[in-house]
Amino acid sequence: MSASQRIPVAAGILEWARKTAGYDKTLASKRLTVKEDRLTAFEQGELQPTINQLRQMSKLYKRPLAVLLLPAPPKEFDALRDFRRTGEAADLSWSPALHAEYKRALSQREVVLELSELSPSSVIASHHGFQLTRDTNPEDAGKALREFLGMDSWKSGIINNPRNALRAAIDAVENHGILVLQTRDVDISEMRGFSTSAWPYPVIILNGSDWPRPKLFTLLHEMCHLALNAGGLCDLHESTTQKRSEDRVEQYCNRVAASALMPAGRVMSDPVVRTTEQWTLDGLLGASQRFGASSEAFLLRLITLGLANWDTYWALKPRLDAHYTRLRREEKEKQKRAEGGPPYYRVKARNLGRSYVESVLDAYQTRAISSYDVVDYLDIKYDQLPRLQEAVIR
């Protein structure tokens, strides 16, 4: 087939593919290096694209070429309707990066469902072990979540070390057959985390660019979503008003996560908390570390317990944001200076989820899946498998 040969595409298919990938027409035309009016003609079926142009669209929109040749746009789960954003972000469209990560989460869950049939011993059993209703008091729910994950057995060395605490929590969640993935390039201002609550093998995805302590809080927040059987897309920002039922769910999950991470009794008996009347940024940074929480999450917990107020929160919020922005910038600069940056295979394992990688590798080693399947499921070249396997060894 000649690269210049034009391919008939049904009207509406290309527009559907573009919109479900999160691209507006201006950005898509720029990425495809075609004029907007020409892209419009392609989408309306007035002009046929060449095979090369169609391949470019397939790659950009992350849709198989065959899908673009269907007679009509497929009817599928409408993520923008069923997932929820909170506050002012509720009506914003998703970025292409977030669309891609959402699709990846669904794809990895499908792989695990397949492995659970082909090689049951390769995957951890998934079941409804933790369920809540919004009638449950957040303090009681937080205690139940803490017990479910075995957090009381964590030693002080785990809690005080953000990365160790996050690893312990992820391990505990994955041991219940819940997939924990991390994003590659979704901006932190758009998403801190999201979850899909379909059982078995629900998925929690964390923003990989976030810091370990906020990630830990997000993980607990999303666990509450799963317990309520109400997956969602979360930025975790608090509001003094509750305009929608979805906002109230977000606030409830925040309360539960805070209760699990920072039990009321321990917070109120803390010597620094008992003697502090007016909180400062430095005071929050020091006190929050003892509970494995971010300073913002700790301040919100103090408000819930009547030990701080919203005026303090809004007064300190810009400084808290600036502090973490500076830390993220310094971390990126540090990584740039380091030879080669963060280890590729470690980041790959983190993004895919260690439990997922281990399940796929085990299914391959027991010959339940082929070499073609293993590289497809792990999105990696065959000769890279040993290095990825090394990265998931604890």
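The values are calculated or read from the model by the stated rules, or taken from the named source; none is laboratory data. Because the structure is predicted, anything quoted here is derived from the model rather than measured. All Cβ positions, even for glycine, are placed from backbone atoms using ideal geometry, and neighbour counts span all protein chains on display.
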* **Residues of the range 82-102 classified as surrounded by fewer than 16 Cβ atoms within 10 Å (Cβ to Cβ) and either of a type outside the set (D, E, K, R) or modelled with pLDDT of 50 or more (or both), total** => 5
* the range 226-249, subset modelled with pLDDT under 90 and touching a strand residue (DSSP E or B) at 6+ places or on another chain (Cβ under 7 Å), residue nearest to Leu327 (Cα to Cα) -> Cys234
* Residue by residue through the range 99-133, note down the ones that are of a type in the set (Val, Ile, Thr) and part of a helix (DSSP H, G or I). => Val111, Val112
* Asked: Out of curiosity, is Glu330 outside the structural domain of Leu115 (by TED's automatic domain parsing), under 24 Å from the mean Cα position of the chain (by Cα) and outside any loop (DSSP other than H, G, I, E, B)?
  -> no
* Asked: When residues of the range 1-26 are filtered for being surrounded by 12 or more Cβ atoms within 10 Å (Cβ to Cβ), in contact (Cβ under 8 Å) with a residue 40 or more places away in the chain and of a type outside the set (D, E, K, R), how many remain?
  -> 12
* Looking at Thr304, is it within 21 Å of the chain's Cα centre (by Cα) and farther than 27 Å from Val203 by Cβ? -> no
* To do: Give the range 315-336 a look and list any residue that's modelled with pLDDT of 90 or more and either aromatic (Phe, Trp, Tyr) or exposed (fewer than 11 other Cβ atoms within 10 Å of the Cβ) (or both), or say none.
  => Pro318
* To do: Kindly establish whether Ala172 is farther than 27 Å from Gly286 by Cα and under 21 Å from the mean Cα position of the chain (by Cα).
  => no
* Asked: With respect to Ala105, is the statement that it is touching a Lys or Arg at 6+ places or on another chain (Cβ under 9 Å), among the hydrophobic types (A, V, I, L, M, F, W, C) and crowded, with 18+ Cβ neighbours inside 10 Å true?
  -> no
* Matching entry among Leu132, Leu166 (being assigned by TED's automatic domain parsing to the domain that holds Gly231 and more than 24 Å from Ser359 (Cβ to Cβ)) -> Leu132
* Asked: Conditions: (1) acidic (Asp, Glu); (2) within 28 Å of the chain's Cα centre (by Cα); (3) outside any helix (DSSP H, G or I). Glu46 meets all but one. Number of the miss?
  -> (2)
* Structure fact -> Sole miss for Met223 among (1) under 11 Å from Phe194 (Cα atoms); (2) modelled with pLDDT under 80 is condition (2)
* To do: For residues that are farther than 16 Å from Tyr252 by Cα, small (Gly, Ala, Ser) and assigned to a helix (DSSP H, G or I), tally how many sit in the range 134-156.
  => 2
* Asked: When you scan the range 262-295, how many residues do you find that are free of Cβ contacts under 8 Å to residues at least 60 places away in the same chain and within 22 Å of Met223 (Cβ to Cβ)?
  -> 5
* Selection count where residues are aliphatic (A, V, I, L, M), under 30 Å from Leu132 (Cα atoms) and surrounded by fewer than 17 Cβ atoms within 10 Å (Cβ to Cβ), scope the range 265-302 -> 1
* Asked: Any residue at all in the range 25-45 that is of a type in the set (Phe, Trp, Tyr) and modelled with pLDDT under 80?
  -> no
* Asked: Restricting the search to the range 301-313, which residues are hydrophobic (A, V, I, L, M, F, W, C), in a helix (DSSP H, G or I) and within 17 Å of Gly283 (Cβ to Cβ)?
  -> Leu302, Ile303
* For Thr312: the one exception among (1) free of Cβ contacts under 8 Å to residues at least 40 places away in the same chain; (2) surrounded by 12 or more Cβ atoms within 10 Å (Cβ to Cβ); (3) under 30 Å from Gly231 (Cα atoms) -> (3)
* Structure fact -> Exactly one of Leu115, Leu145, Leu132 is under 21 Å from the mean Cα position of the chain (by Cα) and aliphatic (A, V, I, L, M), and that one is Leu145
* Asked: Scanning the range 157-198 for residues that are part of a helix (DSSP H, G or I) and at pLDDT below 85, which turns out surrounded by the fewest Cβ atoms within 10 Å (Cβ to Cβ)?
  -> Gly157
